[in-house]
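These notes concern the structure reproduced below.
The values are calculated or read from the model by the stated rules, or taken from the named source; none is laboratory data. This is a predicted model, so every value here is computed, not measured. Quick reminder, even Gly has a Cβ in these numbers, built from the backbone with ideal geometry, and neighbours come from all protein chains shown.
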Amino acid sequence: MTSKTLIKSTSGIRGVIGRGFEPQVAINYAAAFGTLLKKGKVIVGRDSRPSGEMITRAVVSGLVSVGIDVIEIGVVPTPTVEIAIKKLKASGGVCVTASHNPAEWNALKFFNDRGELITPSQYKRLDKICKSGHFAFKPHSKLGKTQSQSQWINEHVRRVLSVKTVNKAAIRRRKFTVVVDAINGAGSVALPLLLKKLGAKVFEINCKADGQFVHEPEPVPKNLGQLGRAVKRRKADLGLACDPDADRLALVDERGRPIGEELTLTIAVKEVLKKTKGATVINLSTSKVTADVARSHGSKVYYSRVGESNVVQMIRARRAVIGGEGNGGVIYPAFHTGRDALIAAALVLSCLAEDKMSLAQLVETLPKYYIIKSKAALPDNFSARLGRFEKKASRLLGKTAVDKRDGLRFDFQQGWVQIRPSNTEPIFRLIVETSEQKLTRRLSQEVMEYFT
C-alpha cells in the first residue's frame with residue numbers, strides 16, 4: 001500500500017491518519033453518503049482511538065452540509081450504532097472505527113436504514129458520488145441539525161438482557177467470575193456492564209476507553225497473554241476480549257489459555273441451535289468445527305464470502321437463525337443483523353451455565369481440528385501467483401473441490417486451505433485447517449513459501 005492509498009470495501013473506507021486518511025476524506029465520504037440518502041437523520045458513533053473525535057467532527061460536517069440531521073451517540077460499540085439506527089428509524093449510520101487495525105488507522109463504516117453494513121451495490125454508488133464530487137450541498141436555511149444522546153450503551157445492554165435464548169437465570173445461578181480485556185476500546189463500558197447485570201464478578205483490564213492500545217488490538221491468541229495471566233491470577237472462570245469496536249469476541253479458559261477466536265461462534269451456534277431450528281451461515285474462512293456443530297443439530301450450513309455485509313445478505317436470503325465469521329464475529333438475527341461482542345458473550349455464558357461445564361470442558365466436547373492462520377504483505381503479482389497455484393494445488397493437496405468466490409479455497413479429504421486478499425489491510429491471508437497437527441503445519445509452511 002502506498003502512503004496515499006485508502007482501502008475501500010463494504011467493511012469501510014480505511015487508511016492511516018496523516019498518510020492518506022485525513023479529515024477531508026471523511027468530509028467527502030460523509031457528504032456523499034448524505035447525498036445518497038437524500039434526506040433523514042443519521043446516527044454517528046465511534047470507537048476510542050485518538051483520531052476518532054477529529055474524524056467524527058469531519059463526518060458530522062459532511063452530513064450536515066447536505067441537509068442530513070445527525071444524532072451523535074459518542075464512544076460506543078459498532079453494534080450499538082446498528083441498534084440505534086433501527087430504534088430511531090434513522091436513514092442510516094456511520095461508525096468511525098478501524099476495528100482491529102492498529103491505533104494509527106481509522107475508518108468509516110456506513111450502515112443502511114436496517115442497521116446493516118451497506119451492500120456492495122450501495123457502496124459502489126457511494127464511491128461514485130464521492131469521486132464525482134457532485135454533492136447535494138444545501139443553503140444555510142436547509143443545513144442539517146445536530147444533537148447528542150448518551151443512553152445507547154445502557155439500551156444495548158438492556159436489549160441483550162431481553163433476549164429469550166439467553167438463560168439469564170442459569171447464568172446468575174452460576175455466579176461467574178470473568179476478566180474482561182476491552183483493549184481500552186469502545187467495549188470498555190458496555191461489556192463489563194452487561195456481565196455485572198448477569199450477576200458475574202468482573203475484573204477489568206484495559207477498560208478505560210482512552211484508545212491506548214496496550215497490545216495489538218486484534219483478539220487472537222497471540223495478543224491475549226495479559227488476559228490469560230489475569231484469569232489465572234484471579235482464579236476466574238474465563239476471560240473475554242473484544243476488539244476496539246466490540247463486534248468481535250475471543251475467549252480464554254479457566255486455565256488462562258486462549259481457545260481460539262473461532263470457537264466463540266461455534267459455542268454461540270451450539271447455544272442457539274439447541275433451542276431454535278434453522279439454517280446457519282458462516283463465511284468461507286470459518287473453521288470446520290462450527291459447521292460440524294451446526295450439522296449435528298440438524299442445521300443446513302451455507303457459506304458466504306468474508307465480510308459482515310456478505311454474511312448478512314446470505315442470512316437474509318437463507319432465513320438463517322444464526323451466523324457469523326470465525327474471527328469471533330457472532331451475528332444473531334433474532335437480536336440484530338450485525339456482529340456483536342455483547343450478544344456473543346451472553347450466548348457463551350448461557351451455554352456454559354446450561355451445560356454445567358467449564359469453558360475448557362466444553363471445548364473438549366467439540367470436534368478437534370488444527371488451524372493455522374497466516375498473513376503476509378500482498379505481492380504485486382498476487383493474482384498471477386494465485387492462478388498458478390490453482391493449477392498445481394492437486395499435487396500438494398490431492399483431489400480437491402475449489403471455491404473461487406473469495407480468493408481460492410480448496411477442500412480435500414483431510415481439511416481445507418484458503419488464500420485470499422484482505423478486505424481491510426494491504427495483506428493476503430492464508431488459512432489451513434486439517435484433522436492432523438503435523439499436516440496443518442506442513443501445508444501452512446509450503447503454501448506460504450509459494451506466495452512469499
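I'm trying to understand the selection: among the residues of region 146-177, which are among the small types (G, A, S) and buried (at least 16 other Cβ atoms within 10 Å of the Cβ)?
Across region 146-177, the qualifying residue is only A170.
Filter region 218-245 down to the residues that are surrounded by fewer than 24 Cβ atoms within 10 Å (Cβ to Cβ) and under 13 Å from the mean Cα position of the chain (by Cα), then identify the one that is nearest to C95 (Cα to Cα).
That would be E218.
Considering only residues of region 275-304 that are small (G, A, S) and closer than 17 Å to Q418 by Cβ, which is surrounded by the fewest Cβ atoms within 10 Å (Cβ to Cβ)?
The initial filter retains those residues of region 275-304 that are small (G, A, S), namely 278-279, 285, 287, 291, 294, 296, 298-299, 304.
With closer than 17 Å to Q418 by Cβ added as a condition, the list becomes 285, 287, 291, 304.
Values: S285: 23, S287: 25, A291: 19, S304: 24.
Per the criteria, the residue is A291.
In the list K41, K8, K86, which residue meets the criterion of being under 25 Å from L194 (Cα atoms) and surrounded by fewer than 23 Cβ atoms within 10 Å (Cβ to Cβ)?
Numbers: K41 fails: under 25 Å from L194 (Cα atoms); K8 fails: under 25 Å from L194 (Cα atoms).
The conditions single out K86.
Can you tell me how many residues within region 201-236 are within 17 Å of T177 (Cβ to Cβ), in contact with a Lys or Arg (Cβ under 8 Å, 6 or more places away or on another chain) and not aliphatic (A, V, I, L, M)?
4
Only one of these is within 18 Å of G307 (Cβ to Cβ) and among the aromatic types (F, W, Y): F412, F389, F382, F428. Name it.
The conditions single out F428.
I'd like to check something: does region 115-124 contain any residue that is assigned by TED's automatic domain parsing to the domain that holds E308, under 23 Å from the mean Cα position of the chain (by Cα) and not in a loop (DSSP other than H, G, I, E, B)? Steps first, please.
Narrowing region 115-124 to residues assigned by TED's automatic domain parsing to the domain that holds E308: none.
No: zero hits.
Could you grab me the full set of residues in region 128-145 that are out of contact with any Leu (no Cβ under 8 Å at 6 or more places or on another chain) and buried (at least 16 other Cβ atoms within 10 Å of the Cβ)? Break it down into steps so the answer makes sense when it comes.
Looking only at region 128-145, we keep the residues that are out of contact with any Leu (no Cβ under 8 Å at 6 or more places or on another chain), and these are 128, 130-143, 145.
Passing the criteria: C130, F135, A136, L143.
State whether one or more residues within region 367-383 are part of a helix (DSSP H, G or I), at pLDDT 95 or above and closer than 20 Å to A294 by Cα. If you could, list the steps in order and put the result at the bottom.
Taking region 367-383 as the starting set, the residues that turn out to be part of a helix (DSSP H, G or I) are 382-383.
Those still in the list that are at pLDDT 95 or above too: none.
No, because not a single residue in region 367-383 is part of a helix (DSSP H, G or I), at pLDDT 95 or above and closer than 20 Å to A294 by Cα.
Pairs under 8 Å by beta carbon, first residue farther than 18 Å from E436 by Cα in region 289-300, partner of a type in the set (D, E) and part of a helix (DSSP H, G or I), six or more apart or different chains?
Filtered contacts from region 289-300: no entries.
Could you tell me which of the residues E22, E104, E82 is among the charged types (D, E, K, R) and without any contact (Cβ under 8 Å) to a residue 40 or more places away in the chain? Can you show your working first?
On the way: E104 fails: without any contact (Cβ under 8 Å) to a residue 40 or more places away in the chain; E82 fails: without any contact (Cβ under 8 Å) to a residue 40 or more places away in the chain.
Within the list E22, E104, E82, the selection yields E22.
A quick yes/no check of all residues on (1) within 17 Å of A344 (Cβ to Cβ); (2) out of contact with any helix residue (DSSP H, G or I) (no Cβ under 9 Å at 6 or more places or on another chain):
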position: N184; (1), (2): no, yes
position: S188; (1), (2): yes, yes
position: K201; (1), (2): no, no
position: F213; (1), (2): no, yes
position: N223; (1), (2): no, yes
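Is it true that some residue in region 396-418 is of a type in the set (S, T, N, Q) and surrounded by 17 or more Cβ atoms within 10 Å (Cβ to Cβ)?
Residues of region 396-418 of a type in the set (S, T, N, Q): 400, 413-414, 418.
Filter once more, so that each one left must be surrounded by 17 or more Cβ atoms within 10 Å (Cβ to Cβ): 400, 418.
So far as region 396-418 goes, yes, one or more of its residues are of a type in the set (S, T, N, Q) and surrounded by 17 or more Cβ atoms within 10 Å (Cβ to Cβ).
Restricting attention to region 11-37, which residues are in contact with a Ser or Thr (Cβ under 8 Å, 6 or more places away or on another chain), charged (D, E, K, R) and either farther than 26 Å from R305 by Cβ or surrounded by fewer than 20 Cβ atoms within 10 Å (Cβ to Cβ) (or both)?
R19
Hey, can you tell me all the residues within region 363-375 that are surrounded by fewer than 13 Cβ atoms within 10 Å (Cβ to Cβ) and not β-branched (V, I, T)?
Here is the first cut: in region 363-375, the ones surrounded by fewer than 13 Cβ atoms within 10 Å (Cβ to Cβ) are 364-365, 368.
Within region 363-375, E364, K368 meet the criteria.
Every residue in region 301-326 that is under 15 Å from the mean Cα position of the chain (by Cα), among the β-branched types (V, I, T) and in a helix (DSSP H, G or I), please.
Answer for region 301-326, where residues must be under 15 Å from the mean Cα position of the chain (by Cα), among the β-branched types (V, I, T) and in a helix (DSSP H, G or I): V311, V312.
Test each condition in (1) at pLDDT below 95; (2) surrounded by fewer than 17 Cβ atoms within 10 Å (Cβ to Cβ); (3) not aliphatic (A, V, I, L, M) for G307 and report the one that comes out false.
Here G307 clears every test but (2).
Does A190 satisfy the condition of being buried (at least 24 other Cβ atoms within 10 Å of the Cβ) and on the phi > 0 side of the Ramachandran plot? Spell out how you get there, then give the answer.
Numbers: buried (at least 24 other Cβ atoms within 10 Å of the Cβ): yes; on the phi > 0 side of the Ramachandran plot: no.
Against the criterion (buried (at least 24 other Cβ atoms within 10 Å of the Cβ) and on the phi > 0 side of the Ramachandran plot), A190 does not qualify.
Pull out all pairs, ordered by first then second residue, where Cβ-Cβ is under 9 Å, the residues are six or more apart or on different chains, the first lies in region 123-135 and is in contact (Cβ under 8 Å) with a residue 24 or more places away in the chain, and the second is outside any helix (DSSP H, G or I) and among the hydroxyl-bearing types (S, T, Y).
Y123/S9; Y123/T10
What are the pairs with Cβ atoms under 8 angstrom where one residue, in region 246-259, is within 13 Å of R229 (Cα to Cα) and free of Cβ contacts under 8 Å to residues at least 60 places away in the same chain and the other, located anywhere, is of a type in the set (F, W, Y) and assigned to a strand (DSSP E or B)? Sequence gap at least six, or different chains.
Cβ pairs passing all conditions: none.
Quick check on this structure: which one of E354, E433 is surrounded by fewer than 22 Cβ atoms within 10 Å (Cβ to Cβ) and not in a loop (DSSP other than H, G, I, E, B)? I'd like the intermediate steps shown before the answer.
Details: E433 fails: surrounded by fewer than 22 Cβ atoms within 10 Å (Cβ to Cβ).
The match here is E354.
Select from region 155-213 the residues that are free of Cβ contacts under 8 Å to residues at least 60 places away in the same chain, of a type in the set (A, V, I, L, M, F, W, C) and touching an Asp or Glu at 6+ places or on another chain (Cβ under 9 Å) and list them in ascending order.
Matches in region 155-213: I205, C207.
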